[in-house]
1. How high is the relative contact order of chain B, given as a whole-number percent (alpha carbon pairs under 8 Å, six or more residues apart)?
2. In segment B:235-326, what percent of the accessible surface is made up of carbon and sulfur (1.4 Å probe, ligands and nucleic acids excluded)?
3. Using packing as a proxy for protection, rank B:158-164, B:272-278, B:319-325 so that the peptide with the highest average count of other Cβ atoms within 10 Å comes first.
4. When DSSP beta bridges are limited to those with both residues in the protein assembly as shown, what percentage is antiparallel, rounded to the nearest 5?
5. Compute the accessible area per residue over segment B:31-127, keeping the other protein chains in place, probe 1.4 Å, unit Å².
6. Using the per-residue mean of other Cβ atoms lying within 10 Å as a proxy for protection, in what order, highest first, do the peptides B:104-112, B:46-54 fall?
7. Can you pull the mean other chain C-beta count within 10 Å for peptide A:170-177?
8. How many percent of Cα pairs in segment B:31-127 exceed 24 Å?
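The values are calculated or read from the model by the stated rules, or taken from the named source; none is laboratory data. Being a predicted model, the structure only gives us computed values, none of them experimental. Here the Cβ positions follow ideal geometry from the backbone for every residue, glycine too, while neighbour counts run over all protein chains shown. SASA here: full protein model, heavy atoms, side chains in, ligands and nucleic acids out. Shrake-Rupley method; radii C 1.70, N 1.55, O 1.52, S 1.80 Å.
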Amino acid sequence: MSSLSAISPARAAAGLGTASLLLLAASPAEAHIVSSRLGDFYAGALHPLMALEDLVQWLALGLLAGMQDPKRGRWVVAGFPLGLLAGVALTHAGLLPAPPRLFDGGGMVVLGLLLALAIDLPAAAVAGLAVLLGVARGSANIDGLDAANDVVLFGAGMLLSGYAAATLISAATLAFRRNGAGWRRIAVRAAGSWIAAVGCMLLAFALRAGVMQ
Amino acid sequence: MRRLGWAALALLLLCLGAAIRHPASAHEAAMAVLELRQIKPTQYIGKWVLAPTFDPGQIHPKFPRQCSWMDPLLECGEPGFVGPMSVDNIGSNLSAVMVHVIPVNGEMQSYTMSAASPRVTVLGLAAPTWQTWFELADTYVNLGIDHILLGIDHLLFVLGLIWIVRGGWRLTKTITAFTVGHSLSLAAATFGLIGVPEKPLNAVIALSIVFVGVEIARLRRGHAGLTVRYPWAVALGFGLVHGVGFAGALVSLGIQRKLLPVALLSFNIGVEIGQLAFVLLVLALFWAHRTLSASLPRWGAALPAYAIGVPASFWLIGRMIKLLTT
């Protein structure tokens with residue numbers, strides 16, 4: 001028999017975190033408000049930060065990079081924005097279709113597991129992951145953009161936003177785990193497991209939606 | 001310098017992209033002013049005294065419920081032209097709409113609507129009340145934030161200062177000097193104490209950014225330029241120029257004189273909020289690059305100077321051509 005008291009604090013926190021993230025995902029109209037107020041550059045910069053798929057994967061990439069040795073982790077600083085740029089350019093040119101929704105959950109599961117298992121990645125793997133994720137997210141964000149939007153400004157905003165997010169999150173993670181007790185590393189790994197769990201849920205939703213169609 | 005990171009590469013791409021999209025008008029914001037002159041107790045006649053660059057028919061003002069708008073005639077039932085008013089489609093191509101209400105008897109009242117605050121309350125002869133002041137402050141703080149965030153030329157100048165000036169206290173003094181400079185000239189220009197034609201002013205603003213870009217390049221070669229030796233003086237001097245540029249947004253609206261001090265103060269607070277947010281973001285990125293030891297490669301050490309100097313030169317040439325040919 002289950003009761004509320006039987007739910008562990010960690011699970012409650014995970015549930016709360018997931019619910020909060022889903023709530024954040026429920027406000028895509030915000031991007032249009034930004035677009036009408038400050039134009040396409042800021043719409044591009046803020047659009048990914050208001051969608052669950054971007055928010056969680058960007059966070060996961062930053063955390064993963066911050067858990068690596070700085071010499072390897074710092075490759076996200078260049079790799080991720082360049083990937084975003086490539087994704088925007090290729091999709092806008094019609095050379096790359098937007099990734100299917102399975103990629104969202106799949107990306108979270110892969111990044112979350114790598115983080116939870118604290119796997120040391122070579123520099124090429126960090127850079128490759130950053131570029132791959134950048135291409136996928138750049139492509140997904142530019143897909144379906146209104147014809148009235150300026151793709152160059154939107155893309156430039158997203159590029160800067162991706163660069164800032166990847167740099168700040170990975171540096172903050174590095175500073176957090178380096179300057180303190182061992183529990184900090186465990187906390188970051190726990191965050192990885194939550195990200196993987198959110199990814200599993202999204203994968204299930206995407207698969208179910210696929211079956212229903 | 002090299003340790004400040006890959007930021008320059010992203011910024012170079014960003015600035016070039018923005019510069020290409022905004023060749024010579026990085027800082028011009030569209031304003032529109034609608035004058036409503038009372039002709040009968042319940043009727044007003046409307047006229048765009050400052051028309052937007054596009055068809056004013058595309059602006060959709062919404063008047064209080066008891067009023068009906070048949071352009072150019074506004075007809076209001078009881079209790080007259082009072083109540084909430086808004087403009088639906090203020091956007092990136094139109095920063096603000098000001099409405100001047102001119103009664104048959106009494107003083108003119110003005111109300112400003114922006115994208116962030118598209119709704120005001122028309123108070124009739126009772127204005128101004130606390131509500132008027134509050135709405136005014138809300139509108140102009142947001143207008144100030146929008147103005148600095150959309151003014152990529154001002155932000156590039158601030159970025160150049162942050163890049164050149166080392167040390168927390170020294171940087172604080174420099175940014176404060178820039179703030180004092182632009183606040184003084186903003187106030188002076190808004191109150192009509194000084195006036196500089198827009199086109200040469202915009203060219204000088206672009207020149208100030210080119211100057212900072214050149215100073216970064218000189219610093220890289222080991223020459224300590226004026227900005228390195230007297231950063232506060234350069235910041236104060238060019239701050240005075242940039243402040244006159246900020247004032248353009250306020251002056252073009254022709255705001256009611258008794259509302260002007262609060263509007264000016266609120267606008268300046270908005271500008272400072274936007275500037276502070278930008279400075280903090282840049283400093284956070286510098287810290288992040290140091291933490292990650294993510295430095296620029298040797299071949300890229302000159303990138304910051306070009307990231308700032310190239311778009312600024314582009315604007316300078318464009319603005320000079322505009323100045324000389326029109």
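1. That works out to 26 percent.
2. 77
3. Working: B:158-164: 23.1, B:272-278: 17.1, B:319-325: 14.7.
By packing density, highest mean first, the sequence is B:158-164, B:272-278, B:319-325.
4. Values: 26 of 33 bridges.
Here the share of antiparallel DSSP bridges comes out near 80 percent.
5. I get 47 Å² per residue for this part.
6. B:104-112, B:46-54
7. Other-chain Cβ atoms within 10 Å of each residue's Cβ, averaged: 3.
8. Values: 637 of 4656 pairs.
Pairs farther apart than 24 Å: 14 percent.
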